[in-house]
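*Asks:* The structure follows.
Derivation of every value follows stated rules applied to the coordinates shown; laboratory data play no part. Everything numeric in this text was worked out from a predicted model, so none of it was measured. We place every Cβ from the backbone using ideal geometry, glycine too, and count neighbours over all the protein chains shown.
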């Protein structure tokens, strides 16, 4: 294995700014999810029953909202842990990161679509597909970081293998769900 | 009481990034509140009276906008004070923080709903409930920080007790209001 | 004049986080201004003339968009300069800053309203009023910083007087415009 | 060539805050692009064929979305590289940067317009024009930085010439496309 010096100076990609872009996109995605929840039009402004009925009618949108917010929170937490392990960011890690951010930015649309049509297999497929793609990007970034020697710590190999195993299990479960719904949509 | 060493290295949750996510979500929530204020459709583009009437018609939305902006500003100030006391962030504090951010992200919907239907007890209940839940998360985070030994300073116990008292009073008042409106809605 | 020690530790308001909140709200306000520009509905999708006509119809909205973006950019630049002079942030400076952020968050609504009804004196009054209020908050923050001894530098008094003069001129001009339109609206 | 001392203290423009504003505007622009993708209205909520047809109908909007996200990601990467070379920010660099941010904030509108009318030469002209203007601002900022002595490194002249060459090629290609569509629109 070759030596892996840390890139420095103007050639380096700023890890702080990349984390910042990630945090910014997540903060916005988590907040604009709420734009899908619509204030209903009521005939009787004081009627509790009418408002309750109108909100219940959007029930699946509220469920999708809650689940999607939780997913984004979990993604953010994992990213926080992941970037704590990286010493620097290479170009291929950056490309994977921007690709992953693309899926994160696309997620509010999938959440809105699935919230409106939860029983439609195609919207379920898109929702799971977006999460799955995000997850594979994360795994690929780990692999790219390992190849470039960007993982910090004394026992890099053991750390990396434990992380890869845990991430692979999640990725495979998501891919299985994705495949199931793909068969439903295609069949 | 056991020793409380500060977590370090890759195991630690980045306090700076968590503050950043919080600030980002608050900046966005404070700014997208404005999207609920609608530019009215006027027949006579130059008529001051017609525009004034149309804006007055949205009066309660403007009131809810102003109050909600003030609430978010106050929450932000308190969070600033709170995180000034924390030496590090544990996993349970993080979970409570993400839960709290969920309520903050949900707040613009509650503000829009209440702005449209200020005399509807259910929309009032949701508005107060969202603030109350945010407040309880804050209190729970203090308790979690205290248990984990994450509070900074010489006289931790006295500081914590003074803070807990002040926060409890606010939480109990909010819960009393919530209970009152819950009875109205259920009755 | 009393001694002005820098506040420190948990009692201090984080200047970095306040700048962050400011920058976040400005970034969002500058970006959501664009949501007021609507993609027109065309009969003939390929017709250049029809699209040009539809965009020209929104001409005043485009003008308001450009002007408002410029205003926000100028405000941001001035704030950058202002905070470069502050050593710390007191509670009253924070309150003024949050009030100012409230006007900044409200600005996209004023810009949208004025873009739609540029010949309506009330919408012009609101647009100028929002800028004027933002400007007065800035001046008040300078005064509060001066009183608290938060201005950095060797020749504080000379610096402050020069700044106050420049800011006062701007504030007075804006207030004169505001008064003119107020008379139009009331008369 | 005169000496170029680094500006310091309160006179300096905070490079960190300017990067922050840039990152914030980009995070938001990348995320609100998704608001142009609309959840379709379906008659049969479970019908895969109907949903697929409705999404295909928005095909060009999805294409514009993907391309625009990629463009913004590329711009961000280049800006990251660019600011890694700058030692400080002068006033003229700031003005160019704010102008560039104006084009970035305007980009979601161009993307939405072009996604809806991809065969309309005027919407294509606006889309390319916005990218071209952003690119020229970048080149002008390099030139301003070079003149002010703000470029970091040992071999500033060689670095600057290589960068200028690469940027010029991109700018000229974009301008050629812009000119082609301008002729189509005017003709």
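*Asks:* Please determine, in degrees from 0 to 90 and to the nearest 10, the orientation of helix B:156-186 with respect to the longest principal axis defined by the Cα atoms of chain B, where the helix direction is its Cα long axis.
*Replies:* The angle comes out near 40 degrees.
*Asks:* Please state the shape class of the protein assembly as shown: rounded when a/c is under 1.5, otherwise prolate if a/b exceeds b/c and oblate if not, all from the C-alpha gyration tensor.
*Replies:* rounded
*Asks:* Specify the residue with the greatest mean-square fluctuation among B:158, B:143, B:105, computed from a Gaussian network of chain B linking alpha-carbon atoms under 10 Å apart.
*Replies:* B:158
*Asks:* Using only Cα atoms, tell me the angle between helix A:15-32 and the longest principal axis of chain A; keep it within 0 to 90° and round to the nearest 10.
*Replies:* Tilt relative to chain A: about 10 degrees.
*Asks:* Run the simple label-point estimate for residue A:175 and residue A:119 please: 7 Å along Cα→C-beta, distance reported in nm.
*Replies:* 3.3 nm
*Asks:* Taking a point 7 Å out from Cα toward Cβ as the label site, list the nm distances between residue C:63 and the same residue in every other copy, smallest first.
*Replies:* Going from nearest to farthest copy, the values are 3.7, 3.7, 5.2 nm.
*Asks:* Would you mind ranking D:147, D:56 by Cβ crowding within 10 Å, fewest neighbours first?
*Replies:* D:56, D:147
*Asks:* Treat each spin label as a single point 7 Å out from the Cα along the C-beta direction, and report the residue C:63 to residue D:56 distance in nm.
*Replies:* Each label point is offset 7 Å from its Cα along the Cβ direction, giving 4.6 nm.
*Asks:* Then there's this: Order by neighbour count: C:114, D:142, fewest other Cβ atoms within 10 Å first, most last.
*Replies:* D:142, C:114
*Asks:* For residue A:46, place a label point 7 Å out from Cα along the Cα→Cβ vector, do the same in each other copy, and report the separations in nm, one decimal, smallest first.
*Replies:* 4.3, 4.3, 6.0
*Asks:* Let me have the 222 nm mean residue ellipticity of chain A computed from DSSP H runs of 4+ only, each contributing -39500 (n - 2.57), with the sum over all residues rounded to the nearest 500.
*Replies:* Theoretical 222 nm ellipticity from helices: -26500 deg cm²/dmol.
*Asks:* At 7 Å along Cα-to-Cβ for each site, give me the label-to-label distance between residue C:165 and residue B:143 in nm.
*Replies:* So the two model labels end up 6.0 nm from each other.
*Asks:* At 7 angstrom along the Cα-to-beta-carbon line, where would the label on residue C:81 sit relative to the other copies? Give the distances in nm, shortest first.
*Replies:* 3.4, 3.4, 4.8
*Asks:* Gaussian network model of chain C, Cα springs within a sub-10 Å range: biggest mean-square fluctuation belongs to which of C:96, C:33, C:168?
*Replies:* Comparing C:96, C:33, C:168 in a Gaussian network model of chain C, the most mobile one is C:168.
*Asks:* Helix D:48-57 versus the longest principal axis of chain D: what angle, 0 to 90°, nearest 10, using Cα atoms?
*Replies:* Orientation of helix D:48-57: about 50 degrees from the principal axis.
*Asks:* Let me ask something else. If you find the alpha carbon centre of region D:47-63 and of region A:35-63, how far apart are they in angstrom?
*Replies:* Rounded to whole Å, the Cα centres lie 28 Å apart.
*Asks:* On a C-alpha basis, how far is the centre of region B:112-135 from the centre of region A:130-145 in Å? Whole number, if you could?
*Replies:* Using only Cα atoms, the two centres lie 40 Å from each other.
*Asks:* Specify the inter-centroid distance of region C:67-90 and region B:169-183, based on alpha-carbon positions, in whole Å.
*Replies:* Cα centres, region C:67-90 to region B:169-183: 40 Å.
*Asks:* Let me ask another. R0 = 56 Å: FRET efficiency of residue C:81 with residue A:77, Cβ-based, nearest 0.05?
*Replies:* 0.90
*Asks:* If contacts are Cα pairs under 8 angstrom and at least 6 residues apart, what is the relative contact order of chain D in percent?
*Replies:* Worked out over chain D, it gives 26 percent.
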